[in-house]
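The values are calculated or read from the model by the stated rules, or taken from the named source; none is laboratory data. Everything numeric in this text was worked out from a predicted model, so none of it was measured. Here the Cβ positions follow ideal geometry from the backbone for every residue, glycine too, while neighbour counts run over all protein chains shown.
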């Protein structure tokens, strides 16, 4: 349920439950169910394990804190999932987070300095919108590089990874914008709501994640655009021949990825109360790992937003759990790496079992 | 050399004294058999792919194995080459029971297989390909390049091919690649060669070369097992024919005791006449008008200044050899290829070069290569069927799965597509049904002119008949149908008018009545003909 390969897979299971059941033993079917839900099972197992070791783990406050951490990875991973579904990859999301944070942070801290010596100030909402638009614009550059100049996605977004980080540094010449509180007269207070405030007991960052995830699920499963994303990733030539404007779809997914990354960057900056250019460095790797853990195929065409969400939770809950029980940060990396590779091994086992069931 | 059409000349055929042609499984054991598959059964879960098939391959003969898709040919060959294990029965090699747990084991016993899809490395040289996985070493355990080159040359010489062993395989024409693959298998001391539809990608000239090679192999006492869908071809080359249907052996005979009609009847249980269902309908206005269309290419244009039209209610067939520019013409028409010249559909001129624009104009293409250009394999039958027309299915910008299912189910019924359910993954379907899914997708765009590129390639006769019937029905409804085919019988049986292409040009435009086999074949090679006799 967590990692089903694509929206259709659920439908087919519901439409003809009897056919495979006749031919395959119940053992194989059980194995299939366990494999399909593997990431969710791992998540539940992690929660049980850590709550046995530490009584502080399974508390409302800790769960909320961990989920807030997860929300950053999840936002990045949702965007990246769109790109991976088309068969691409986006390495630039961490840098886009950093750049969007610096642009928005700069606007709050010192405004926009015009050449004539004047300074323009924007309201908080405008600042947030501008930050997200910056992310979308960088995403559009990724998309244009991939579609118009035919640069391989890995290379194009690697280039943008460096360039966007460099631009983030340039914005403050490497320094930090320390105070983002704003002043009421300029209508730019309240930026701290994104990362620091709660609504009915739940941090705003988690609400944002829920809304973005819900939108992403609807877009991927219930809109023509979503279906086209899967088609482009599944077989680009066939998609083109079916009348799909594949370049448009690809540019669009990089824009979505960039916008999601910018939103994550703004939340991080808001949480910190200061904008510094190294924000979210290497976060792209967490995002890709979450998508892969959630069953998204790097070759494209297979995966789901729900899977990615669960993947993000596994990564987040695992890291925070290890910290809580006092495992050294070096071992944390080893464990994280093992889990990711294990997830792919299980995915392949699932594919094998599936083939055995259908042939 | 190539005269297997007269079976009296081949010694094996003349020795066969079988009185009744349809003597199923009862052929006398007087002829030496290299390989016998005895009472082979194979089931996957509860599905029986083979039910007690006893197949004999005569030594030094071309043993043809035919049957519709899903008849069990490929399964049987997989078992004989060690890729699959039988559920029951045994394999006898020269009378001795043998087991092939792996393809390597089968190869060690002298059984080699050439698959429909080539398994060559296009980025490596011919010699490297022939010795891939079993490189020759010198004393320092380095690859002895010179020795490999020498032996590769002699392996190719055995096939009477003068291909430079240093050429990259990817640079060779597909026919030569096929021969390299044969050389690779034969160089491993293979006595029994299994060929699974080796001609599906070859031009007629290349098929001739292949058949010469097979004649040589026969003289070298190599036993060939030959799987094919192409009736005219295997009638030319085969000594024996074995027909499978639904996983069982239905007939076995020496080729000279059979005729085409009999074989088709054995395969499907009806005669070939019912294959083609065309009776010309009344034609109307010009629906597709193409003028001066060219597709640039090097060294000569792929499509060279082509003009023609298709009328309402008309089926126009395009015949030509591989590489004549037929597929390129189709791709230019649908907007997948850059081209010059004008295209008008029902009086409206194509302005942009995109597929979406051409679909809107009323063109739709069923491509030649279904796996590469047609299907999105990871998606369901429903998603594949509706892929071109998603925008017509939304309400408030959202797709409704229930509505999608209803529409897709209707289409599945209309085209009689055999599916476990519209939500089944499209790869679960047979080739013919996959083809119908792509056809269904094209029809859902409500085309005025339907373009079909080799619509019956690699599908069984039952599905072929249905595709032909659908084409006829569409023409009767007033659509224009333009289809490409390499099979003469198909073009002549289905077209109201036949265009022949050669080297990017249209070399003949013949109405049904004037199109003889000879005229078509001559026109398909016309540029060379003109050179020879000016």
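Which residues, taken from the stretch B:434-449, are over 21 Å from residue B:391 (Cα atoms) and either in contact with a helix residue (DSSP H, G or I) (Cβ under 7 Å, 6 or more places away or on another chain) or within 11 Å of chain A (Cβ to nearest Cβ) (or both)?
Listed by number, the residues that qualify are B:434, B:435.
Tell me which residues, restricted to the stretch B:486-516, are assigned to a helix (DSSP H, G or I) and closer than 22 Å to residue B:473 by Cβ.
Hits for the stretch B:486-516 are B:489, B:490, B:491, B:492, B:493, B:494, B:512.
Limited to the stretch B:373-398, what total is found for residues that are surrounded by 21 or more Cβ atoms within 10 Å (Cβ to Cβ) and either within 17 Å of residue A:229 (Cβ to Cβ) or in contact (Cβ under 8 Å) with a residue 60 or more places away in the chain (or both)?
13
Return the residues of the stretch B:339-352 that are closer than 20 Å to residue B:308 by Cβ and outside any strand (DSSP E or B); say none if nothing qualifies.
B:339, B:346, B:347, B:350, listed by residue number.
Could you please find all residues in the stretch B:377-425 being more than 34 Å from the chain's Cα centre (by Cα) and more than 9 Å from every other protein chain (Cβ to nearest Cβ)?
Taking the stretch B:377-425 as the starting set, the residues that turn out to be more than 34 Å from the chain's Cα centre (by Cα) are B:391-403.
Selection gives B:392, B:395, B:396, B:402, B:403.
Residues of the stretch A:108-135 being crowded, with 17+ Cβ neighbours inside 10 Å and in contact with a strand residue (DSSP E or B) (Cβ under 9 Å, 6 or more places away or on another chain), which ones?
A:108, A:109, A:121, A:122 - these are the residues of the stretch A:108-135 that are crowded, with 17+ Cβ neighbours inside 10 Å and in contact with a strand residue (DSSP E or B) (Cβ under 9 Å, 6 or more places away or on another chain).
For every residue, the table says whether it meets (1) in contact (Cβ under 8 Å) with a residue 12 or more places away in the chain; (2) surrounded by 18 or more Cβ atoms within 10 Å (Cβ to Cβ); (3) in contact with a helix residue (DSSP H, G or I) (Cβ under 6 Å, 6 or more places away or on another chain); (4) over 20 Å from residue B:231 (Cα atoms).
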{"position": "B:171", "(1), (2), (3), (4)": "no, no, no, yes"}
{"position": "B:180", "(1), (2), (3), (4)": "yes, yes, yes, yes"}
{"position": "B:189", "(1), (2), (3), (4)": "yes, no, no, yes"}
{"position": "B:197", "(1), (2), (3), (4)": "yes, yes, no, no"}
{"position": "B:209", "(1), (2), (3), (4)": "yes, yes, no, no"}
{"position": "B:212", "(1), (2), (3), (4)": "yes, no, no, no"}
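Here is a yes/no grid of residues against (1) part of a loop (DSSP other than H, G, I, E, B); (2) more than 13 Å from residue B:40 (Cβ to Cβ); (3) touching a helix residue (DSSP H, G or I) at 6+ places or on another chain (Cβ under 7 Å):
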{"position": "B:52", "(1), (2), (3)": "no, no, no"}
{"position": "B:55", "(1), (2), (3)": "no, no, yes"}
{"position": "B:63", "(1), (2), (3)": "no, yes, no"}
{"position": "B:68", "(1), (2), (3)": "yes, yes, yes"}
{"position": "B:76", "(1), (2), (3)": "no, no, no"}
{"position": "B:79", "(1), (2), (3)": "no, no, no"}
{"position": "B:84", "(1), (2), (3)": "yes, no, yes"}
{"position": "B:104", "(1), (2), (3)": "no, yes, no"}
{"position": "B:107", "(1), (2), (3)": "no, yes, no"}
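Residues A:309, A:318, A:342: which one is surrounded by 13 or more Cβ atoms within 10 Å (Cβ to Cβ) and either over 18 Å from the mean Cα position of the chain (by Cα) or in a loop (DSSP other than H, G, I, E, B) (or both)?
Going through A:309, A:318, A:342 in turn, just one is surrounded by 13 or more Cβ atoms within 10 Å (Cβ to Cβ) and either over 18 Å from the mean Cα position of the chain (by Cα) or in a loop (DSSP other than H, G, I, E, B) (or both): A:342.
Before we move on, is residue B:365 at the interface with chain A (Cβ under 8 Å from one of its Cβ atoms), in contact with a strand residue (DSSP E or B) (Cβ under 6 Å, 6 or more places away or on another chain) and either more than 21 Å from residue B:335 (Cβ to Cβ) or not in a helix (DSSP H, G or I) (or both)?
Spelling it out, residue B:365 is indeed at the interface with chain A (Cβ under 8 Å from one of its Cβ atoms), in contact with a strand residue (DSSP E or B) (Cβ under 6 Å, 6 or more places away or on another chain) and either more than 21 Å from residue B:335 (Cβ to Cβ) or not in a helix (DSSP H, G or I) (or both).
Given the conditions (1) buried (at least 24 other Cβ atoms within 10 Å of the Cβ); (2) within 20 Å of the chain's Cα centre (by Cα); (3) more than 8 Å from every other protein chain (Cβ to nearest Cβ), report the number of the one that residue B:370 does not fulfil.
Residue B:370 satisfies every listed condition except (1).
Enumerate the helices (runs of 4 or more DSSP H) found wholly within the stretch A:1-80, keeping only those where 1 or more residues are away from chain B (no Cβ under 14 Å) and modelled with pLDDT of 90 or more.
Per the criteria, A:38-53.
Filter the stretch B:349-359 for residues that are surrounded by fewer than 24 Cβ atoms within 10 Å (Cβ to Cβ) and at the interface with another protein chain (Cβ under 8 Å from one of its Cβ atoms) and give the result.
Correct list: B:354, B:356, B:359.
Suppose we filter A:356, A:352 for residues that are out of contact with any strand residue (DSSP E or B) (no Cβ under 7 Å at 6 or more places or on another chain), within 14 Å of chain B (Cβ to nearest Cβ) and surrounded by fewer than 23 Cβ atoms within 10 Å (Cβ to Cβ); which single one remains?
A:356
Considering only the stretch A:179-241, give the helices (runs of 4 or more DSSP H) lying wholly within it that have at least 1 residues that are within 23 Å of residue B:380 (Cα to Cα), at pLDDT 95 or above and within 14 Å of chain B (Cβ to nearest Cβ).
In the stretch A:179-241, A:204-222, A:224-234, A:236-241 are the helices (runs of 4 or more DSSP H) which contain 1 or more residues that are within 23 Å of residue B:380 (Cα to Cα), at pLDDT 95 or above and within 14 Å of chain B (Cβ to nearest Cβ).
Any residue that is in contact with a helix residue (DSSP H, G or I) (Cβ under 6 Å, 6 or more places away or on another chain), closer than 27 Å to residue B:369 by Cα and touching a residue at least 24 places away in the same chain (Cβ under 8 Å) - is there at least one of those in the stretch B:153-160? Can you show your working first?
Initial filter on the stretch B:153-160 (in contact with a helix residue (DSSP H, G or I) (Cβ under 6 Å, 6 or more places away or on another chain)): B:155-156, B:159.
Still in the running and closer than 27 Å to residue B:369 by Cα: none.
Checked the stretch B:153-160: no residue is in contact with a helix residue (DSSP H, G or I) (Cβ under 6 Å, 6 or more places away or on another chain), closer than 27 Å to residue B:369 by Cα and touching a residue at least 24 places away in the same chain (Cβ under 8 Å).
With the requirement that a residue be touching a strand residue (DSSP E or B) at 6+ places or on another chain (Cβ under 8 Å) and at positive phi, what does the stretch B:345-362 give you?
B:346, B:362
For the stretch A:108-140, give me each residue that is touching a helix residue (DSSP H, G or I) at 6+ places or on another chain (Cβ under 7 Å) and without any contact (Cβ under 8 Å) to a residue 60 or more places away in the chain.
A:130
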